[in-house]
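Q: Got a structure here, written out as structure tokens. Questions coming.
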Amino acid sequence: MEIGKYRNQLYWCSKCAYCRDTISDELGYYKVCPIYEFKRMEHFSPRGRATIALAALEGYLPLTQPLVDLAFSCLGCGICKAICPSAVDEGVDVAGIMRAMRQDLLNVGLKPPEAVIELDKNIAQTHNVFGEDSAKRTSWSNDLELPDKGDILYFAGCYTSYRYPETARATVKILEQAGIHLSYLGDEEWCCGVPQLWDGNSSLARDIARRNFEAIKKSGAKTVVATCAGCYHALNSNYREIVGEIPFEIVHVSTLLADLIAKDKIRLRKPIEKVLTYHDPCHLGRHEKIYDAPRDVIKNIPQIDYREMLRSKNSAWCCGGGAIESAVFPNLTKEISKARIGEAKEIGADALITSCPLCITILNRVAKPQKIQVYDLPVIVAEAMGLEI
Amino acid sequence: MKSLLYRQLSELVGPERVSDEEFACLAVTVESAATGLSFLPPFSGKMVVPEIVVKPTATDQVSSILRLANRLRKPVVIRGGGTGTSMASVPTQGGIVLDLSDMNQVLDIDESSMAVRAQAGTPFGTVRHELAKRGYRLGYLGPHGTWGATLGGVLSMNSTGVAGSKYGQLSEDVLTLQVVLPTGEVIETGSRVNSRANFSFRYCNGVDITGLYLGSCGVFGVITEAGVRIYVKEKHIAHGTFGFKDLNRACRALHEISRVGYVEDYYMLRDRHTIDLVEPNAPKEAQALLGVFTETHDSRELEAQVHNWKEVTDNYDGVNLDPKFAKEWASDFKGVIHAKTQSQLWLDCHIWPILRIPEGQDDMVRLFKENESIMSEDPNTGLRSWGLVSAGGAKHPMSYSVSFFRVDRSNPSTMMKAYELWHRMIELTVNKGGCPYYFGREGLAPHLWTKAAPSYYYYLKTIKQATDPRNILNPGQLML
């Protein structure tokens, strides 16, 4: 069983319940698992999930259809691992355990949720999560004349390509100001595969990863820049597990921008008189430990009033859409995103910046009625640089 | 088609707060320590997966659930944070698990009587956070490292914990309780016996019935609310770590500084093997390692207390060491103890006077050494995992003392041997006069009852029969 990889962690789980709804000023956590917060039954808590996984692994619990919904209800956000005080492996990785359990459940022939079947079909047929015409993927770049080969390649991802072309265009134009000319795979770029990495379809995920890896290698890129937190995590961490050593560097745009600002290669001159806050995407924050770079970038915008939400960095709540939750349990996603936007409202934020187009999609649905703008980092940086995108 | 019981409970609390899925019922059978994975050997034959789990939010719902359980003669097992170490929340006869962790509201902070009233399922982290906003604190800060433990769970276990040396166990600060009796009636205790009074005092209105419910493992009723004393939060904190040539000197020094109230809590490693396991970088000559901390309102007072630590420990040839150990282990604001010691441990927690800590230690060390072959290797040091510690969970001059060992929890035959060793360890402790503060069912009860007067046990049994005629509430706990 895939969950067998986590056997040691499962036995070391001390059932302390830190991962459930801990409030601790000392630890800096104010309720932990968003799913538990809204579902409130023990089996939805990370601790409960770890118990269930161990019982299944040791043969005390059969793998049955009702477990599928449970396994697919985990956000994969990793906040439970972040707070976990376990003495082994830096904490019990319940997100990884649920990911493995999804595979195990499907491997014994149980049926995945309908939304997962649809998602897999979309990606297999059109190479994007929306099932839209693959030719539309590159339309954001039509007038930019980006080469398909070069040292620094931009990996745009599905959400940015189809829903947030302004992020992609802003990224290209900002970097041009710093003398960095990006190359782009065009329609040779497929979905990064992160949805399949989480939905139990590991064979499709592996195929996609190998396909993208070969395409990037062929482009001659020495560095790959990603704006989407999910794509960045897939390329930087998951691909290594699948293809082994990667002969190019993966950089998230927030790190690159922070570096360019520090070297005075780009300047943010246009004042933005707003109260701004930053939402840590799980894939970039807890999964990749990039917390400071996006904040460093935002704090360079003139005349902003930057405020931190109560739950930030490693204790930040997920937007509610992680690990395909938004497709499988949209109502739960909405409740969690409302709570997250509520935190921004609480500190008087006019705008929330993030580094993940899925977070933007999820948060925007509830932010608009609260009159809170949601920006992708490159978009607000372009605005502060006075760039037309 | 859902069962009649499911439908009846759903009517009482809403269907989203009830589950009869097998995995949901299994998830509420576990707790901390080696005894915690009740579905695995050697406990798998003793635990019975419950039929259903229900999560009330209000006292009247608890009352209705108990009335229903009486009518249907269904056993009910009460569950708080599920972080205990005595199997008190492990079902032995199936039935209903009453998960109180959604009764989690801090109801009132009364500054005039310096008390807080909260629902029983409120975690310690939540209580502390709400009090800190107004500059207050509980005395006892929660069981060692467990912010997820709940007020009701701790009171039902008489749990010890952080800051206990100065403030005592939480039970000592209880003023009033609200309790749902096994048959569903609701009572209030202490000053709240007078329905017009506040939750301000315990010893009034006649009999101190509050004490019946403290440490009772829920056999006489379900604690649903508690009124507890609060204190003004201190501004200054200091930590100190001291190494001693032997355990006797360490205990005498500790006794001297704690009897004048200069220690809020402490953590003591009682022999060299335990030091090597937990704090291997301590100087080799140290045979006992003591970490202490104190909190004060005034910086000069803090200075005076720290000065006293140095003076007293000097008198006992103590060596002043890096306070890191004390910061990590004695105050334990970050959960280190739970993380590093509670997972998979076989424990014999008991209350014991500080000056008598050395008594019987040699016997315990001998027992552990004879059985080292079953113990697992510590992942950091490679040493066999056993040790002897004392902490300030109980008010001075008492200590909370523990002997512990760890085996590979995934190996059933080793677990059976560990189970036998565990009983030998507890027998040794109880036989020399150690008093287990929590009781539960599996570990401590059989050892204690053989040393108690039969009339005491029968008295408890009589109360149980009178208050819970169908024996539905936490059956088997306290061996009742």
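The values are calculated or read from the model by the stated rules, or taken from the named source; none is laboratory data. Source: prediction; values computed, not measured. Because the Cβ atoms are built from the backbone with ideal geometry, glycine has one as well, and the counts that use them run over all protein chains shown.
Q: Within region B:406-455, can you find the residues that are under 17 Å from residue B:372 (Cα atoms) and among the polar types (S, T, N, Q)?
A: Within region B:406-455, B:411, B:413, B:414 meet the criteria.
Q: Another question, if that's okay. Go through region A:296-318 and give me each residue that's of a type in the set (Lys, Arg), closer than 20 Å to residue A:345 by Cβ and over 16 Å from the mean Cα position of the chain (by Cα). Walk me through how you get there before you give the answer.
A: Taking region A:296-318 and keeping what is of a type in the set (Lys, Arg), we get A:299, A:307, A:311, A:313.
When the remaining residues are screened for being closer than 20 Å to residue A:345 by Cβ, the result is A:307, A:311, A:313.
Once the filter is applied, which keeps residues that are of a type in the set (Lys, Arg), closer than 20 Å to residue A:345 by Cβ and over 16 Å from the mean Cα position of the chain (by Cα), region A:296-318 yields A:307, A:311.
Q: Just wondering, is there one or more residues in region B:106-117 that are closer than 16 Å to residue B:153 by Cα, modelled with pLDDT of 95 or more and more than 13 Å from chain A (Cβ to nearest Cβ)?
A: Among the residues of region B:106-117, at least one is closer than 16 Å to residue B:153 by Cα, modelled with pLDDT of 95 or more and more than 13 Å from chain A (Cβ to nearest Cβ), which makes the answer yes.
Q: I would also like to ask the following. Among the residues of region B:203-237, write down those that are farther than 30 Å from residue B:86 by Cα and in contact with a Ser or Thr (Cβ under 6 Å, 6 or more places away or on another chain).
A: Scanning region B:203-237 gives B:204, B:234, B:236.
Q: When the residues of region B:119-145 are narrowed to those that are out of contact with any helix residue (DSSP H, G or I) (no Cβ under 7 Å at 6 or more places or on another chain) and assigned to a loop (DSSP other than H, G, I, E, B), which ends up nearest to residue A:30 (Cα to Cα)?
A: Applying the filter and picking the extreme gives B:133.
Q: Name the single residue that is surrounded by the fewest Cβ atoms within 10 Å (Cβ to Cβ) among those in region A:360-389 being part of a helix (DSSP H, G or I) and not aliphatic (A, V, I, L, M).
A: In the first step, residues of region A:360-389 are kept if they are part of a helix (DSSP H, G or I); the result is A:360-370, A:377-385.
Within this subset, residues satisfying the condition of being not aliphatic (A, V, I, L, M) are A:361, A:364-365, A:368-370, A:378, A:383.
Working: A:361: 17, A:364: 16, A:365: 20, A:368: 12, A:369: 9, A:370: 14, A:378: 29, A:383: 16.
Looking at residues that are part of a helix (DSSP H, G or I) and not aliphatic (A, V, I, L, M), I get A:369.
Q: Let me ask something additional. Regarding residue B:308, is this residue more than 30 Å from the chain's Cα centre (by Cα), in a helix (DSSP H, G or I), at pLDDT 95 or above and not small (Gly, Ala, Ser)?
A: Yes.
Q: Residues that are touching a residue at least 12 places away in the same chain (Cβ under 8 Å), assigned to a loop (DSSP other than H, G, I, E, B), within 8 Å of chain A (Cβ to nearest Cβ) and not acidic (Asp, Glu): does region B:46-69 have at least one?
A: The answer is yes; a qualifying residue exists.
Q: Residues that are more than 8 Å from every other protein chain (Cβ to nearest Cβ) and over 29 Å from residue B:122 (Cβ atoms), at least 1 per element: which helices (runs of 4 or more DSSP H) completely within region A:8-102 meet that? Can you show your working first?
A: Working: elements: A:18-21, A:34-39, A:46-57, A:65-72, A:79-83.
Per the criteria, A:46-57, A:65-72.
Q: Let me ask something additional. Among the candidates A:142, A:128, A:122, A:107, single out the residue that is over 29 Å from residue A:313 (Cα atoms), touching a helix residue (DSSP H, G or I) at 6+ places or on another chain (Cβ under 8 Å) and surrounded by fewer than 19 Cβ atoms within 10 Å (Cβ to Cβ). Walk me through how you get there before you give the answer.
A: Working: A:142 fails: touching a helix residue (DSSP H, G or I) at 6+ places or on another chain (Cβ under 8 Å); A:128 fails: surrounded by fewer than 19 Cβ atoms within 10 Å (Cβ to Cβ); A:122 fails: touching a helix residue (DSSP H, G or I) at 6+ places or on another chain (Cβ under 8 Å).
None of the others qualify; the one that does is A:107.
Q: Another one. In region B:193-209, which residue that is in contact (Cβ under 8 Å) with a residue 24 or more places away in the chain and surrounded by fewer than 24 Cβ atoms within 10 Å (Cβ to Cβ) is nearest to residue B:349 (Cα to Cα)?
A: Taking region B:193-209 and keeping what is in contact (Cβ under 8 Å) with a residue 24 or more places away in the chain, we get B:198-202.
In the following step, the residues that additionally are surrounded by fewer than 24 Cβ atoms within 10 Å (Cβ to Cβ) were identified as B:198, B:200-202.
Values: B:198: 35, B:200: 31, B:201: 30, B:202: 27 Å.
Ranking the qualifying residues of region B:193-209, first place goes to B:202.
Q: May I pose another question? Looking only at region A:195-225, filter to residues that are surrounded by 18 or more Cβ atoms within 10 Å (Cβ to Cβ) and in contact with a Ser or Thr (Cβ under 9 Å, 6 or more places away or on another chain); which one of those is modelled with the lowest pLDDT?
A: Here the residue is A:196.
Quick grid of which residues meet (1) among the small types (Gly, Ala, Ser); (2) surrounded by fewer than 23 Cβ atoms within 10 Å (Cβ to Cβ):
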{"residue": "B:374", "(1), (2)": "no, yes"}
{"residue": "B:380", "(1), (2)": "no, yes"}
{"residue": "B:383", "(1), (2)": "no, yes"}
{"residue": "B:387", "(1), (2)": "yes, no"}
{"residue": "B:392", "(1), (2)": "yes, no"}
{"residue": "B:407", "(1), (2)": "no, no"}
{"residue": "B:411", "(1), (2)": "no, yes"}
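Q: Hey, another quick one. Looking at B:295, B:359, B:301 in this structure, which one is of a type in the set (Asp, Glu), part of a strand (DSSP E or B) and surrounded by fewer than 23 Cβ atoms within 10 Å (Cβ to Cβ)? Explain how you work it out, then say what you get.
A: On the way: B:359 fails: part of a strand (DSSP E or B); B:301 fails: part of a strand (DSSP E or B).
The match here is B:295.
Q: Quick one: which residue in B:331, B:403, B:399 is closer than 30 Å to residue A:28 by Cα and either in contact (Cβ under 8 Å) with a residue 40 or more places away in the chain or within 14 Å of chain A (Cβ to nearest Cβ) (or both)? Reasoning before the result, please.
A: Working: B:403 fails: closer than 30 Å to residue A:28 by Cα; B:399 fails: closer than 30 Å to residue A:28 by Cα.
After ruling out the rest, the residue left standing is B:331.
Q: Let me ask something else. Tell me the residue from B:417, B:451, B:464, B:432 that is of a type in the set (Lys, Arg), touching a helix residue (DSSP H, G or I) at 6+ places or on another chain (Cβ under 9 Å), modelled with pLDDT of 90 or more and buried (at least 18 other Cβ atoms within 10 Å of the Cβ), please. Quick ask: steps written out before the conclusion?
A: Values: B:417 fails: buried (at least 18 other Cβ atoms within 10 Å of the Cβ); B:451 fails: buried (at least 18 other Cβ atoms within 10 Å of the Cβ); B:432 fails: buried (at least 18 other Cβ atoms within 10 Å of the Cβ).
On inspection, the qualifying residue turns out to be B:464.
Q: May I pose another question? Which condition number in (1) touching a Phe, Trp or Tyr at 6+ places or on another chain (Cβ under 7 Å); (2) modelled with pLDDT under 95; (3) of a type in the set (A, V, I, L, M) is the one that residue B:286 fails?
A: (2) is the only condition that residue B:286 fails.
Q: Let me ask you something else. Within the set of pairs 6+ apart or on separate chains, which have a first residue in region A:347-368 that is without any contact (Cβ under 8 Å) to a residue 12 or more places away in the chain, a second that is surrounded by fewer than 24 Cβ atoms within 10 Å (Cβ to Cβ), and C-beta atoms under 7 Å apart?
A: Close Cβ pairs (under 7 Å, with a partner that is surrounded by fewer than 24 Cβ atoms within 10 Å (Cβ to Cβ)) amount to A:364/A:374.
Q: Restricting to region B:6-26, give me the number of residues that are facing chain A (nearest Cβ under 8 Å) and in contact (Cβ under 8 Å) with a residue 12 or more places away in the chain.
A: Of all residues in region B:6-26, those facing chain A (nearest Cβ under 8 Å) come to B:16-17, B:19, B:21-24, B:26.
If we keep only those that are in contact (Cβ under 8 Å) with a residue 12 or more places away in the chain as well, we get B:17, B:19, B:22, B:24, B:26.
Looking only at that region, the number is 5.
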